[in-house]
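Below is one structure; the comments refer to it alone.
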Amino acid sequence: MNASFSSSRVPLRQVWPPALVARYRAAGHWRGETFPGFLRERAERLAGDIAVVGGDTRLTYAQLWQEAGRIGAGLLAQGLAPGDRVVVQLGNVPEFVTVVCGLFRAGLIPVYALPAHRITEVAHFARKAEATAYIAAASYDGFDYRTLARDLQAQVPAVQHVIIVGEGAGFTALEALAGDLEQLPPDPDPQSVAFLQISGGSTGLSKLIPRTHDDYLYSFRASNAICGITQDSVYLVALPAAHNFPMSSPGFFGTLYAGGRVVLSPGAGPETAFALIARERVTCIGLVPPLALLWAQAAATTTQDLSSLQVVQVGGAKLVPEAARRVIAGLGCTLQQVFGMAEGLVNYTRLHDSEEIIVSTQGRPISEDDEVLVVDDHGHPVAEGETGHLLTRGPYTIRCYHNDPAANARAFTEDGFYRTGDMVQRLPGGYLVVQGRASDHINRAGEKISAEEIEDHLLAHPSVFDAAVVSIPDAYLGERSCAFIIAQGEPTKAASLKAWVRSRGLAAFKVPDQIVFVDAFGTTAVGKISRRELRAQLRERFMQQTGETR
Ligand code: OOB
């Protein structure tokens, strides 16, 4: 049914030069393993061990494999074909794991949307990925995804299949999927693309990140060794499971690879998570800085037993040294800083590093084959300890985005280095200290917001003559978003503009935290200035006026 559509779609590709492929293989990084390959092996070897816990569900490794088979075969029976892309939008529920593993078994390609994403974002992912199916929960966190599914099919007719976890209400329910296991394809080529992850979207809309079986499995296998994840580990997924950090650093995939136990927490607040830590004897957890601080505070008065916790990882946004010390004191376990990106490169402080390194750096790369360059504005390497732009390439860092030549031209150098957009200092031993960003996005407690994307939505409002969105340092969130608006025509209020952004079908975290009306931009500027300079000027002026400090 999809034949003509399939043949014309943009192929999924992620290609490293042959010399590097040979090097990564020879080093044992790429071992020719695949998702279905490792999941099958674990199901055979650890059949009766618990793999996934969430809500009232406890699945053994054998059950996970079986459920993945049912879902994969069921999707093929619905008319999907191996290679089809499927937008998955699920929260921290066991079905997140069974669905994704089911897609892998059927050779289908998950495209991970966050539960917070709304129609504009989901439609963008579906179009860019040329998806033919959408899988979501009936409802999660008070939002009904069946409404979103209807809007999606209206806007992107190529999405022919909708599968709902829970009450289908006219759509196919996940529960009802059934098919012939014999129809499942053989295991995929380890060098092929396994899924599409979503970029933080530093400029404009989010880009799609194709990750291969070989590269991703290497990233979490090596992470396991660094983070001490073994068969005895119990990993709590408190951040959204679709995010690269709890997915693979080492996250739930690393834990499943090690034969450990994954526990899904429906919320990241201490009340929900602490009870699960006590009940399941959780050993490792990944958090963003504001949550880590909240947990450290709540730990002082909790009645729950948190003594099983061994490692608390903090990443996604900068954890400053004083906050790091508070996390260590409050939670009484090993802190690990994690500085990673969905595009690839992940840095960790090592578990036995000195406290000084752990509190004051964002770690060093996973691999000896991660090439890291720190360069000035002209691309020349800076001296050790100096701040510069971070560029990287390596055995699990992508060489291109999917279906986006313009973004690729900007984001990669000719010799395949990814421009991370981060400004860092490199210390002896390869440890990195994140100093800020070169690109204009707001890192709101780990959630990335593109200034440009939100400015576009604001400019679509008839009362907005011009808009500039900037990050403002924030004691709790790390950064919050502030939109400076030059109004025109009918007067409007901040609340209406916030409602407007929300009504554009965007994730709630993208709604500006603050709106400031101004008469003009860049009064001190001479001539034409770039949007970057303008945003920087507005931020400085605002902070001087409000007396806020960094
Ligand atoms: C993680 O991934 P993304 O793709 O949501 O965001 C990547 C960006 C980085 O380029 C950097 O700007 C920022 O997030 N970031 C940090 C950081 N960790 C990430 N900035 C300062 N300190 C840190 N520790 O956020 C991500 C992916 C895998 C593991 C961990 C985080």
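The values are calculated or read from the model by the stated rules, or taken from the named source; none is laboratory data. Quick caveat: nothing in here was measured; it's all calculated off a predicted structure. Cβ sites come from the backbone with ideal geometry, for glycine too, and all protein chains shown count toward neighbours. When the accessible area is computed, the model is the full protein with side chains, heavy atoms only, and any ligands, DNA or RNA have been set aside. Shrake-Rupley method; radii C 1.70, N 1.55, O 1.52, S 1.80 Å.
Restricting the search to the range 354-373, which residues are more than 10 Å from the ligand (Cβ to nearest atom) and in a loop (DSSP other than H, G, I, E, B)?
At the first step, the residues of the range 354-373 found to be more than 10 Å from the ligand (Cβ to nearest atom) are 354-360, 364-373.
Across the range 354-373, the qualifying residues are S354, I366, S367, E368, D369, D370.
Taking the residues in the range 343-353 that are in a strand (DSSP E or B) and hydrophobic (A, V, I, L, M, F, W, C) as candidates, determine which candidate is nearest to the ligand (Cβ to nearest atom). Lay out the reasoning, then the answer.
We begin by selecting, within the range 343-353, every residue in a strand (DSSP E or B); these are 344-348.
Applying the additional criterion that residues be hydrophobic (A, V, I, L, M, F, W, C) yields 345-346.
On the way: L345: 8, V346: 5 Å.
Per the criteria, the residue is V346.
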Any residue in the range 417-443 that is within 27 Å of Q14 (Cβ to Cβ) and open to solvent by 40 Å² or more (accessible area, probe 1.4 Å) sitting within a Cβ distance under 8 Å of a residue that is within 9 Å of the ligand (Cβ to nearest atom) and part of a loop (DSSP other than H, G, I, E, B)? List the pairs, counting only those 6 or more apart or interchain. R437/S202
Listed residues P381, P321; which is within 16 Å of the ligand (Cβ to nearest atom) and open to solvent by 40 Å² or more (accessible area, probe 1.4 Å)? P321
Output the number of residues of the range 133-177 satisfying the condition of being within 16 Å of L80 (Cα to Cα), among the hydrophobic types (A, V, I, L, M, F, W, C) and under 22 Å from the mean Cα position of the chain (by Cα). 2
Is it fair to say G316 is near the ligand (Cβ under 10 Å from one of its atoms) and not hydrophobic (A, V, I, L, M, F, W, C)? yes
Note on the range 246-280: residues of a type outside the set (S, T, Y), under 22 Å from G332 (Cα atoms) and within 16 Å of the ligand (Cβ to nearest atom) are P246, P250, G251, A268
For the range 209-223, indicate whether the set of residues that are more than 9 Å from the ligand (Cβ to nearest atom) and part of a loop (DSSP other than H, G, I, E, B) is non-empty. no
Restricting attention to strands (runs of 3 or more DSSP E) lying wholly within the range 8-99, give those where 2 or more residues are at pLDDT 95 or above and either among the small types (G, A, S) or more than 26 Å from the chain's Cα centre (by Cα) (or both). 50-54
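Check whether at least one residue in the range 413-423 is of a type in the set (S, T, Y), touching a Ser or Thr at 6+ places or on another chain (Cβ under 7 Å) and in a strand (DSSP E or B), and report yes or no.
Yes, some residue in the range 413-423 is of a type in the set (S, T, Y), touching a Ser or Thr at 6+ places or on another chain (Cβ under 7 Å) and in a strand (DSSP E or B).
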Which condition number in (1) open to solvent by 10 Å² or more (accessible area, probe 1.4 Å); (2) within 13 Å of the ligand (Cβ to nearest atom) is the one that T283 fails? (2)
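If a residue has to be of a type outside the set (A, V, I, L, M), open to solvent by less than 20 Å² (accessible area, probe 1.4 Å) and not in a strand (DSSP E or B) to count, how many in the range 100-114 make the cut? Write out each step before concluding.
Filtering the range 100-114 for residues of a type outside the set (A, V, I, L, M) gives 101-102, 104-105, 107, 110, 112.
The next check asks that each one be open to solvent by less than 20 Å² (accessible area, probe 1.4 Å); those that pass are 101-102, 104, 110, 112.
Then keep just the ones that are not in a strand (DSSP E or B); that gives 101-102, 104.
The number of residues fulfilling the criteria is 3.
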For G340, are the conditions met, namely being at positive phi, within 16 Å of the ligand (Cβ to nearest atom) and open to solvent by 10 Å² or more (accessible area, probe 1.4 Å)? no
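With G54, G83, G72 as the choices, which residue is touching a Leu at 6+ places or on another chain (Cβ under 8 Å), within 23 Å of L239 (Cβ to Cβ) and not hydrophobic (A, V, I, L, M, F, W, C)? Reasoning before the result, please.
Details: G83 fails: within 23 Å of L239 (Cβ to Cβ); G72 fails: within 23 Å of L239 (Cβ to Cβ).
Result: G54 is the single residue among G54, G83, G72 that is touching a Leu at 6+ places or on another chain (Cβ under 8 Å), within 23 Å of L239 (Cβ to Cβ) and not hydrophobic (A, V, I, L, M, F, W, C).
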